[in-house]
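Take a look at the structure below.
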Amino acid sequence: MGKTKAKSVPDRMSVIYRALRHAIIEQALAPGAKLPEDAIGERFGVSRTIVRGALSQLAAEGLVELRRNHGASVATPKWEEARDTFDVRIGLERLVMSRLAGRLTPEQIRMLKAHVDEEEKARGNNEQLSIRLATEFHIVLADMTGSPVLARYVSEVSSRCGLILALYSRPHSSECAVNEHHDIIAALIAGDARRASKAMEEHLEAVASRALIVQGPTRDRDLRDILTSYADEPRARPVPKAGGKSRKR
């Protein structure tokens, strides 16, 4: 049997991308945190060129800011853009609700319930994972529409909202989020688009209402120590796919 081939550049870039993305969404890397290419490359055993590719991908999604002669850092959304960002998200997710109400396949329903079960398990036990799962719930719903455009924009704006909450919010309330996610699933299964849209809007308004004007204290942790938690664990995986387009009536 031949030797196992080394990972390709795209594979290694994807590993770094996923690790950084999860660390940002879970708020282990706070807004404004520096992301030096050499430190990241050393942690993953890759060149700065590969790290730069992963950072560029995150920058395209609005999660990282690249500044000439200043390097990369986790994006820091301004307070002034917070309300607009949530309003855009509400509009997008209303569209997701209208596309999915009454059209979920049995497999998609099973997948959503399994996702919320994971949220239940994380609640009170793993706050960082709870935050990421709450965000991914919305991304999975958007992916279930079968629309790459909706999936992309919901993913980007949801992640951006996460950065806003990391800067300006009260502590995350996973219990509230899990209960609201149950309500959304129930409305979609019932085929009630109006109820689903209302449940989603109330859910996102509740999330937005936790935002504060006062910026939270910064956390000073070594980047390599943070990434150690994300480099090798099973949780450093892609956002789960929804298993195809929803069934049309």
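Residue pairs whose Cβ atoms lie under 8 Å apart, separated by 6 or more positions or on different chains, with the first residue in the stretch 183-204 and farther than 20 Å from residue 83 by Cβ and touching a residue at least 12 places away in the same chain (Cβ under 8 Å) and the second β-branched (Val, Ile, Thr) and open to solvent by 30 Å² or more (accessible area, probe 1.4 Å), are 185/109; 189/109.
As for the stretch 221-231, it holds no residue that is at pLDDT below 90, charged (D, E, K, R), surrounded by 13 or more Cβ atoms within 10 Å (Cβ to Cβ) and assigned to a loop (DSSP other than H, G, I, E, B). The C-beta contact set for the stretch 21-34 (first residue closer than 18 Å to residue 66 by Cα, second residue part of a loop (DSSP other than H, G, I, E, B) and β-branched (Val, Ile, Thr), distance under 7 angstrom, 6+ apart or interchain) comprises 30/218; 31/76; 32/76. Counting just the residues of the stretch 141-156 that are hydrophobic (A, V, I, L, M, F, W, C) and either in contact with a strand residue (DSSP E or B) (Cβ under 8 Å, 6 or more places away or on another chain) or surrounded by fewer than 21 Cβ atoms within 10 Å (Cβ to Cβ) (or both), which one comes out farthest from residue 83 (Cα to Cα)? For the stretch 141-156, the residue satisfying everything is 149.
Checking 52, 68 one by one, the residue that is without any contact (Cβ under 8 Å) to a residue 60 or more places away in the chain and exposed (fewer than 15 other Cβ atoms within 10 Å of the Cβ) is 68 and no other. Any idea which of 162, 146 is assigned to a loop (DSSP other than H, G, I, E, B) and either on the phi > 0 side of the Ramachandran plot or small (Gly, Ala, Ser) (or both)? So the residue among 162, 146 that is assigned to a loop (DSSP other than H, G, I, E, B) and either on the phi > 0 side of the Ramachandran plot or small (Gly, Ala, Ser) (or both) is 146. Taking first residues from the stretch 101-117 that are within 15 Å of residue 183 (Cβ to Cβ) and partners that are among the aromatic types (Phe, Trp, Tyr) and open to solvent by less than 80 Å² (accessible area, probe 1.4 Å), the Cβ contacts under 6 Å between residues at least 6 apart in sequence or on separate chains come to 115/137.
Within the stretch 142-167, the set of residues being in contact (Cβ under 8 Å) with a residue 60 or more places away in the chain and more than 25 Å from residue 76 (Cα to Cα) comprises 143, 144, 145, 146.
Name the residue, out of 112, 104, 92, that is closer than 30 Å to residue 189 by Cβ, assigned to a loop (DSSP other than H, G, I, E, B), open to solvent by less than 70 Å² (accessible area, probe 1.4 Å) and among the aliphatic types (A, V, I, L, M).
Working: 112 fails: assigned to a loop (DSSP other than H, G, I, E, B); 92 fails: assigned to a loop (DSSP other than H, G, I, E, B).
Testing whether each residue is closer than 30 Å to residue 189 by Cβ, assigned to a loop (DSSP other than H, G, I, E, B), open to solvent by less than 70 Å² (accessible area, probe 1.4 Å) and among the aliphatic types (A, V, I, L, M) leaves just 104.
Evaluated against (1) polar (S, T, N, Q); (2) open to solvent by 10 Å² or more (accessible area, probe 1.4 Å); (3) modelled with pLDDT under 95; (4) assigned to a helix (DSSP H, G or I), residue 98 falls short on exactly one condition, (3).
The values are calculated or read from the model by the stated rules, or taken from the named source; none is laboratory data. Predicted model only: the values in this text are computed from it and were never measured. All Cβ positions, glycine included, derive from the backbone under ideal geometry; neighbour counts span all protein chains shown. These area figures cover heavy atoms from the full protein model, side chains too; ligands, DNA and RNA do not enter into them. Shrake-Rupley method; radii C 1.70, N 1.55, O 1.52, S 1.80 Å.
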